[in-house]
Amino acid sequence: MLRNSLTIGLLFLTLSSVFAFQSNQLSTQKEILSKLTGHEAIQGQTKLKDRFAQESREIAAEYLKTKLATFCEAIIENYSATGNNVIGTIPATVSTDQWIILGAHYDSVRDCPGANDNASGVALAYSVAQHIASLPDRKYNMKVVFFDEEERGLIGSKAYAQQLVDKNMKVVSVHTVDQLAWDKDGDMGIELEVPTENIKSHYLKIAKDFGYEFPIQISDVTSTDHRSFRNQGFAATGITEEYKNGDTTPHYHRPTDTYETVNFEYLTTITTYVAKVFEDLMK
């Protein structure tokens, strides 16, 4: 009887912490989505129509750098005449030269506010990184990277992946997020894109351990940033809504990909799950 009571108590504490995390992240994610999509001003009176033109992307990059700087070292790294990646560094709490990479692209196509694609991924990556930075113990160093020019051929992530190679960085795994704001059927389902066996096993383990019952599909989609890292030999995966399984935004690359279409309950739920995945990686 005592054992059952303890189990119920631990479950209650776990659920309470999950709900608290989701609640805390909701306002932050709403702010990020709102400012990146032009739902509200991002700088003075400036509202972004899209994140396609270089000027708009530079404004977005400066905003994201400022946000990251609230909890970690943050820089804007110019990799070409037109491209800027935003990079945050969260050091391990032990001596190590190994790294975990979490990324999402922040640009959009022309005339598209880019709420789902991919302000949603940016918001998730930001929240997870902020959570990891708050942990007392981290066995790996972490980079959170907001890639530029994904919509022009994965240019930003290719540049960053090449930099990892050039610096001979010891990367344990790379996780990129693209489109996580649509869940019409309400099942909270996600897809892992081309994960290694180790990465897949870890995501499935965390889902089981914490009682997440949403479907996790494995897909062969390679059309976003994780491909840049896998092509360089890194263990990588993409995290997305059910893109291949058909429960994905109908507003893809359209002017209607707006703040109002975002399913924040879905976004915060998956953010909490991915935060648990990364928290476990850091143990």
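Values quoted throughout were computed directly from the atomic coordinates according to the rules given, and no laboratory measurement underlies them. Because the structure is predicted, anything quoted here is derived from the model rather than measured. So basically every Cβ, Gly included, is an ideal-geometry build from the backbone, and we count neighbours across all protein chains shown.
Our summary gives segment 2-281 a relative contact order of 21 percent, counting only alpha carbon pairs under 8 angstrom and 6 or more residues apart. On the basis of the beta-carbon distance and an R0 of 22 Å, Lys208 and Lys283 show a calculated FRET efficiency of 0.85. Say a paramagnetic label sat at a point 7 Å from the Cα of Lys47, along Cα to Cβ; which residues of segment 81-116 have their backbone N under 18 Å from it? Counting only backbone N, you get 111-116.
The phi-based Karplus calculation (6.51 cos²θ - 1.76 cosθ + 1.60; θ = phi - 60°) puts the 3J(HN,Hα) values of segment 26-32 at 4, 5, 5, 5, 5, 5, 4 Hz, whole numbers, x for Gly and Pro.
Note on the chain: semi-axes of the ellipsoid equivalent to its C-alpha gyration tensor, largest first and rounded to whole Å, are 28, 22, 19.
Can you put Ser23, Ser34 in order of Cβ neighbours within 10 angstrom, beginning with the fewest?
Ranked by crowding around the Cβ, least crowded first: Ser23, Ser34.
The amide H of Asp247, built 1.01 Å from its N in the peptide plane, has Glu242 as neighbours under 5 Å, considering only residues 5 or more places off or on other chains. Annotation for Ser201 and Gln98: the two label points, set 7 Å from Cα along the Cα-Cβ direction, are 1.4 nm apart.
In the chain, the longest principal axis of the Cα atoms and the axis of helix 155-166 are about 70 degrees apart. Counting only lysines at least 8 places from Lys47 when in the same chain, those with an alpha carbon closer than 30 Å to its own are Lys30, Lys35, Lys65, Lys67, Lys143, Lys158, Lys184.
For the chain, what is the percent of antiparallel DSSP beta bridges, rounded to the nearest 5? Before the final figure, lay out each step's value.
Working: 16 of 37 bridges.
The antiparallel proportion sits near 45 percent.
When both segment 34-103 and segment 201-243 are represented by their alpha-carbon centers, they are found 23 Å apart.
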